[in-house]
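The values are calculated or read from the model by the stated rules, or taken from the named source; none is laboratory data. All figures in this text were calculated on a predicted structure; none of them were measured in a lab. Reconstructed Cβ throughout: ideal geometry from the backbone, glycine too, with neighbour counts over all protein chains shown. Heavy atoms of the whole protein, side chains included, go into the accessibility calculation; ligands, DNA and RNA do not. Shrake-Rupley method; radii C 1.70, N 1.55, O 1.52, S 1.80 Å.
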Amino acid sequence: MRASFIPDLQIQETYAITGDAHHHLVHVIRLEVGEELLLLNGQGLKVFSQVEGISKKEVRLSFLRSEDSERPFELDLALGMPKKEALELSLKQAVELGFRKIYLIRSAYSQQRYLEADRVKSLVVSALEQSNSPFLPEIIEADWNKIEWENYESSLMMDSQTKDLSLSDDLMFTAPRLLVVGPEGGFSPEEINFLHQRPKMRVLNLPTPILRTPTAVATGAGVILQSLNKSAKG
């Protein structure tokens, strides 16, 4: 379904979308009268609306129904920042995968500065609208030692450099959970030593070539979500 992000969204009988959002809906998406449009505030509220009219300055909508969503799981991401293109793709995928928090880490081998706040907002909002996700993640600029590791009941580190550690087939992840992914150059020896010593850390080395950072984010999330799926069924 087509979706539009409205941060101060409330339940009301009618809505009017103007400005850049109006331009995007009319000239990019080519929204038409009679279509339904999903409105999202990034905090769980979903409002289903119908397009009643389109003018040069606004899209007029009428309220159909609403839903209050709850997060189905608690999953955070600690990301050693890769290069710009890979970082932007990782952020988009993190929204689609339902991460609650994203720690952006200037790791030893990071070659990317922090993105401008407006650029980050644009990326995550675009991904939210594309995926119809009801939640935006919290973006946190941090260091490895600033993460409150003790708050996580289980953590998974994607580590292609450590050859003798892997996950058992029956491993389950308890909430809340943290996925740790490094940049293109991997982790420094000091980072590996620090991360391997974090409480309740599991390390995953897959029998694959070195994964790009966005691929590692998606793969690691898939491992954890599969564990959650098994746990729910079991």
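Here are some values of Cα extents along the principal axes in Å: (1) 62, 43, 30; (2) 70, 38, 27; (3) 53, 37, 35. Which one was computed from this structure? Entry (1). For the pair region 23-44 and region 90-125, the centres of their Cα atoms are 25 angstrom apart. Remark: the Cα gyration tensor places region 23-108 in the oblate category, a/c being 1.5 or greater and a/b not exceeding b/c.
Over all other residues within a Cβ to Cβ distance under 14 Å of D118, the charged ones net out to -1, with Lys and Arg as +1 and Asp and Glu as -1. Amide H contacts for S107 (H built 1.01 Å from N in the peptide plane; partners 5 or more residues away or on another chain; cut-off under 5 Å): M81. Apolar share of the accessible surface for the chain: 46 percent from carbon plus sulfur atoms, 1.4 Å probe.
Peptide packing for 180-190, 114-124, 62-72, 208-218 was compared via the average number of neighbouring C-beta atoms within 10 Å per residue; ordered from the highest value, the list is 180-190, 208-218, 114-124, 62-72. Screening the chain for whole DSSP H helices of 24 Å or more along their axis (Cα) with average Kyte-Doolittle hydropathy at least 1.0 returns none.
State whether region 84-152 is rounded, prolate or oblate according to the following rule on the C-alpha gyration tensor (a ≥ b ≥ c being the square roots of its eigenvalues): a/c under 1.5 gives rounded; otherwise a/b larger than b/c gives prolate, and the remaining case gives oblate. It comes out oblate by the Cα gyration axes. Across region 57-69, computed HN-Hα scalar couplings (Karplus, 6.51 cos²θ - 1.76 cosθ + 1.60, θ = phi - 60°) run 10, 8, 10, 9, 10, 10, 5, 10, 6, 9, 9, 9, 8 Hz from first to last residue, x flagging Gly and Pro. Restricting attention to the chain, close to 45% of DSSP beta bridges with both partner residues there are antiparallel. Each peptide in 5-17, 98-110 gets a packing score, the mean of other Cβ atoms within 10 Å over its residues, and the list from highest to lowest is 98-110, 5-17.
Comparing mean-square fluctuations of K83, K200, K56 from a GNM of the chain with C-alpha springs under 10 Å, the top value falls on K56.
Based on protein heavy atoms only, region 1-144 ends up with 54 Å² per residue of surface accessible to a 1.4 Å probe.
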